[in-house]
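Here is the structure we will look at, set down as structure tokens.
The values are calculated or read from the model by the stated rules, or taken from the named source; none is laboratory data. Bear in mind the structure is a predicted one, so any value in this text is a computation, not a measurement. We place every Cβ from the backbone using ideal geometry, glycine too, and count neighbours over all the protein chains shown. When the accessible area is computed, the model is the full protein with side chains, heavy atoms only, and any ligands, DNA or RNA have been set aside. Shrake-Rupley method; radii C 1.70, N 1.55, O 1.52, S 1.80 Å.
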Amino acid sequence: MGAAIAGRKHNAALVQRSGLPRRLLSARSATPGRQRGGALVCHAVAAPPAPVAAAEEKVLSTSRFDDAGITMHVVKRTQQGASGPAVSYCVEVASDQPRPQLVLHWAVNDWALPAQDCWPPGTNQAGDKAVQTALSDGRHLTLTFPEDTCPGRVVFVLKEGEKWYNSGGGDFVAHLKPPGVDEVLEKVLQEESQNTHWSLFNRFVMAAQMLDAADAAGPRGMGFFFTWLRLSTMRQLDWYRNSNYQSKDIAHVQKHLAERMAYKARTADDPLCRLFARLTLAGLPRGGGNGDDIRMGILNIMRANGIKEGHRPGIEDHFLEQWHQKLHTNTTPEDVTICEAYLAFLHSNSMDEFWRVAWERGSLTPERLANMDHPITGYPCHLPHLIDPFKHYLWILKTTHSGADLDTSFTMAQGLLDGDLAWNIGDMLKNRGEWWVPGKIVELRHRLKPYWQAEGSSRDILLLDIALDNYFRLCVERTDKGALSGDDLLSLAVLVLDNASVSAESAELDQCLALWRRLQEDGAAGGVLLRFLDPMLRGAAGVGSWQVASQGRAAAGGLLTVMADLAGIQRFDEPQVIVADKLTGNEDIPEGVVAVLTSSPTDVLSHIAIRARAQGVLLATCFDAEELDAIKGRAGGHVSASVTPTGSVSVAAAEAPAGGAASGASSAPRLTLQRPQSVGGSGSWVLAESEFGPGVVGGKSANLAALRSKLPAGVQAPASIALPFGTFERVLAADCNKAVAAAVVAEEQQAAAAAGGGEVPQALPSLRSLISADLAAPAGFAQAVAGAAAQAGLIPSAAEWAEGSAGWEAAWQAICQVSVGLMVVVVLGGQRGELHGEMVVGMGEALVGNYPGRALSFAASAGAQPQLLSLPGKREGLFAGAGVPHLIARSDSNGEDLEAFAGAGLYDSVPFPALEHRAVAYAGEPLLWDGGLRQSVLGELVQLGAAVEAAFGGVPQDIEGVRTADGSTFVVQSRAQVLHQH
């Protein structure tokens, strides 16, 4: 064991720092065990210290600086100790090669002197703001800061002899504690708005310093970073504001920023951060080249060709003289466009050609050139002998200032590719106008992907991929789609998705591509899918622009109000027709609302749709933005909304009801609730299914137990146990929950006092948090629940949920979350003799939660074959982990079954372990492609619905179930539909 521990780097390092090997060696060499006269002589030695546990490490960020030849890691270390975990933050700097003279000149935050107890050995103070520390062995240095005194960041530059290294013109920055996006935004806005001397060069220096902070802030930080630099690329931010710099400096900082952005596009932790880094790089210059060639190149051309420059006599060309001044002090990517426009003029002797090229290539106008810090107002002389020199000079400019330019990026990257790939890209460029080029680009991008993803890959390879992507988009945009056949349009859609999949890290996009490829291959089967694509193909399918989830009670009249959502609203004093921008599917419909119109797709079995039908409220989705905007234009006026015979929704002006009488809206009737008989009892904590009965458990549990013996052959019901009525009150009354009980009473009083207002009482979320976080299980509770769960076959053994185990903690959290569900919902309504069903791939939470997209929906009348209404299109499904037992804690409240009461879904159902969110693989889903199988399954479900209804005396039922991949069917819920009496 000792050898094994020593062989591990972490443990070996820890042991050596403790001095353990030296003590063991001296003890063994000084007093070796030996026999004297047949006796074993033993010497007492000090016991070795307890082994030190290896520290847990998490790398927060990694940055590579090629120009300085260093790599920097920011690491969070957690060391377990007797008094608990000790957390520290470390900055590790490593040089590529041994450099004995390399010194870190560093400070913390905004160049503040670091605390002396954080100085590594050999550190010396350098002035009043910084210290200097040499790299140990000339290659490595670690700065360590305890969590409680850790600064926000470390800033440094490098010194090697008399030479200094910085990060692209600014400081190296290591962010120890990730800044929030607000901090990044505030810093950028402050610099952009307050600096009187500011330029593209200053912006790029700041961007290089802030890049790690933006990445640490996550997708919002990198999204802002992309927006900031995109505005700069579009010249919506100043490029010239009283600031000069040398061409070699901007060439260096552009290269530095482009290299770091390409690195982030490969290595950022979050896929969205990688995407934003790629999008940002697409608008940046590549940098590099010899920046001095920009400054000296124009000077050499002018001198070699007799052009007047300064006090030198020669041909007077005011354009070249003014441009020369700009190139010396403010060269930017615009100089590439100016050079291209000047070459067009030299070829044509036409200023019209100059301005045409200037506008088409870079949106440059005479006014823009005249308003630069170094204005260009002169007109050039026609000197055609300068064409060749300026062609070469254009290449110098492109070497530094071009970014995702197709030809430049290929020239820069081709030496880094294998010969065949380079030849194929070059051949495509020579034939870039041919019809086959878009497909060839996608093929080449797939082959190029391993190159730009490889560790240490050049920015030029990623810029080439971006350039190919941009040219593909141009080819698609200029294609005449109207001249394409249906098959060709389908092929184009597949090609576009395939191209997007090269750089997009999206499982959803991959599944979408697979679906369209299947559609392309299957022909007739694909036609079924096309008829149900929403919303873009609704017109082609002839299904109109509306989807009605609840028809309401004839015409719904009221005041039209536009709202962002329905959250937080409980009632209106007069009838309202609401246009809601967004619905989640779990909302309550406030009292007084007679119609809800929205652009959000709404499942007919989502909670809000069920509530709408129960309350007699019109609920419909409009897929035509212009039509919905026209309806919004009636906001503030009285309207009448109704469903037309064709299934659309008509909204027309109407007279205000006399005296504000409600048109279709009614106040909720007063309810009398009967308290369950066992509340406050002291019986069993948990009941087996054989003990379920009225007054002890709710309707869901009682119905499921009664149904088990009545289900058709081959249909199963899941095993279950129940906490009887009164369990929550008993747990709250336990001695371990006295403080929680007192807090609950106080919050209940606040909620009751606020109940008369129109808003949701603030005490409700406080109650939810209080119970889910602080409620404790009384003694014996865990043992009782675990024993019953094991007996029912829900878990392998009671030990799985032993008190204090991870299994029990998950179960207890699920129980508590069910106990505090506070969503306000409505019961469903329906008609006898009709069945309406919906199916989703995965768990049903995606259905009742109204996840984006459509469910597979069908309907059937008594004795008729099921009619398919829509095919599934929900982008995301919820799935139980493979090989992991999956349980659901759900409410069993009879409050869900009260007439005219918002009760359905009053409490959450809580799966545990948590469900996995995954993109749905429709390309391999048989129900989508096999019409015979689909019709057979729907027929079986219709028969099952009829059998369940018959089992409960013909009372219409709300049935939930599962059909597994092997064809097994489970009914997990059946309860009577509570029909609203009109």
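The figures follow:
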item: Residue among L915, L979 that is out of contact with any strand residue (DSSP E or B) (no Cβ under 6 Å at 6 or more places or on another chain) and either at pLDDT below 90 or hydrophobic (A, V, I, L, M, F, W, C) (or both); result: L979
item: Helices (runs of 4 or more DSSP H) wholly inside region 451-562 that include at least 3 residues being modelled with pLDDT of 80 or more, within 30 Å of A580 (Cα to Cα) and touching a His at 6+ places or on another chain (Cβ under 6 Å); result: none
item: Complete set of residues in region 625-683 that are part of a loop (DSSP other than H, G, I, E, B), modelled with pLDDT of 55 or more and small (G, A, S); result: G633, A635, G636, G637, G647, S648, A654, A656, S682, G683
item: Any pair with Cβ under 6 angstrom, 6 or more apart, that starts in region 75-99 at a residue that is in the same structural domain as N166 (by the TED database) and among the hydrophobic types (A, V, I, L, M, F, W, C) and ends at one that is open to solvent by less than 60 Å² (accessible area, probe 1.4 Å) and outside any strand (DSSP E or B); result: none
item: In region 302-334, residue surrounded by the fewest Cβ atoms within 10 Å (Cβ to Cβ) [restricted to those that are farther than 21 Å from H385 by Cβ and without any contact (Cβ under 8 Å) to a residue 40 or more places away in the chain]; result: H311
item: Residue count, region 279-292 (criterion: more than 17 Å from A208 (Cβ to Cβ) and either of a type in the set (A, V, I, L, M) or crowded, with 20+ Cβ neighbours inside 10 Å (or both)); result: 3
item: First in region 593-617 and within 18 Å of L835 (Cα to Cα), second anywhere and of a type in the set (D, E, K, R), Cβ under 6 Å, 6 or more apart; result: L605/E838
item: Condition check for A258: part of a strand (DSSP E or B), touching a Lys or Arg at 6+ places or on another chain (Cβ under 7 Å), open to solvent by less than 20 Å² (accessible area, probe 1.4 Å) and not basic (K, R); result: no
item: Region 618-645, subset free of Cβ contacts under 8 Å to residues at least 40 places away in the same chain and acidic (D, E), residue least open to solvent (accessible area, probe 1.4 Å); result: D629
item: Selected residue (criterion: least open to solvent (accessible area, probe 1.4 Å)) from residues of region 482-497 that are without any contact (Cβ under 8 Å) to a residue 12 or more places away in the chain and aliphatic (A, V, I, L, M); result: L484
item: Matching helices (runs of 4 or more DSSP H) fully within region 335-429 where at least 3 residues are surrounded by 16 or more Cβ atoms within 10 Å (Cβ to Cβ) and out of contact with any Leu (no Cβ under 6 Å at 6 or more places or on another chain); result: 351-362, 387-401, 406-413
item: In region 206-223, the residues that are of a type in the set (A, V, I, L, M, F, W, C), out of contact with any Cys (no Cβ under 7 Å at 6 or more places or on another chain) and open to solvent by less than 10 Å² (accessible area, probe 1.4 Å); result: A207, A208, L211, A213, A214
item: Cross-chain or 6+ apart pairs with Cβ under 6 Å, region 389-418 first and within 16 Å of R295 (Cβ to Cβ), then in a loop (DSSP other than H, G, I, E, B); result: T399/G289; T400/G289; H401/P285; H401/P333
item: For P778: the one exception among (1) within 37 Å of the chain's Cα centre (by Cα); (2) in a loop (DSSP other than H, G, I, E, B); (3) farther than 24 Å from H886 by Cβ; (4) not polar (S, T, N, Q); result: (1)
item: Scan of region 879-888 for residues that are out of contact with any Lys or Arg (no Cβ under 8 Å at 6 or more places or on another chain) and at pLDDT 85 or above, ordered by number; result: L887, I888
item: Residue ID - least open to solvent (accessible area, probe 1.4 Å), chosen from residues in region 825-869 that are at pLDDT below 85 and among the polar types (S, T, N, Q); result: N850
item: Unmet criterion (only one of (1) closer than 25 Å to H105 by Cα; (2) within 29 Å of the chain's Cα centre (by Cα); (3) of a type outside the set (D, E, K, R); (4) open to solvent by 10 Å² or more (accessible area, probe 1.4 Å)) for A174; result: (4)
item: Residues that are free of Cβ contacts under 8 Å to residues at least 60 places away in the same chain and farther than 11 Å from A921 by Cα, drawn from region 500-516; result: A500, S501, W516
item: Subset tally (residues that are of a type in the set (S, T, N, Q) and either modelled with pLDDT of 90 or more or crowded, with 17+ Cβ neighbours inside 10 Å (or both)) for region 79-108; result: 4
item: Residues of region 114-151 that turn out to be touching a residue at least 40 places away in the same chain (Cβ under 8 Å) and in contact with an Asp or Glu (Cβ under 9 Å, 6 or more places away or on another chain), as a count; result: 6
item: Matching residues, region 358-373, being of a type outside the set (D, E, K, R) and without any contact (Cβ under 8 Å) to a residue 60 or more places away in the chain; result: A358, W359, G362, L364, T365, P366, L369, A370, N371
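The rows are residues; the columns are (1) under 46 Å from the mean Cα position of the chain (by Cα); (2) assigned by the TED database to the domain that holds N300; (3) on the phi < 0 side of the Ramachandran plot.
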site: L364; (1), (2), (3): yes, yes, yes
site: A370; (1), (2), (3): yes, yes, yes
site: T377; (1), (2), (3): no, yes, yes
site: P384; (1), (2), (3): no, yes, yes
site: Y393; (1), (2), (3): yes, yes, yes
site: I396; (1), (2), (3): yes, yes, yes
site: G415; (1), (2), (3): yes, no, yes
site: G419; (1), (2), (3): yes, no, yes
site: A422; (1), (2), (3): yes, no, yes
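Yes/no per residue for (1) under 26 Å from L869 (Cα atoms); (2) out of contact with any Gly (no Cβ under 8 Å at 6 or more places or on another chain); (3) assigned to a strand (DSSP E or B); (4) of a type outside the set (D, E, K, R):
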| site | (1), (2), (3), (4) |
| --- | --- |
| Q576 | no, no, yes, yes |
| V596 | yes, yes, yes, yes |
| V604 | yes, yes, no, yes |
| R611 | yes, yes, no, no |
| A620 | yes, yes, yes, yes |
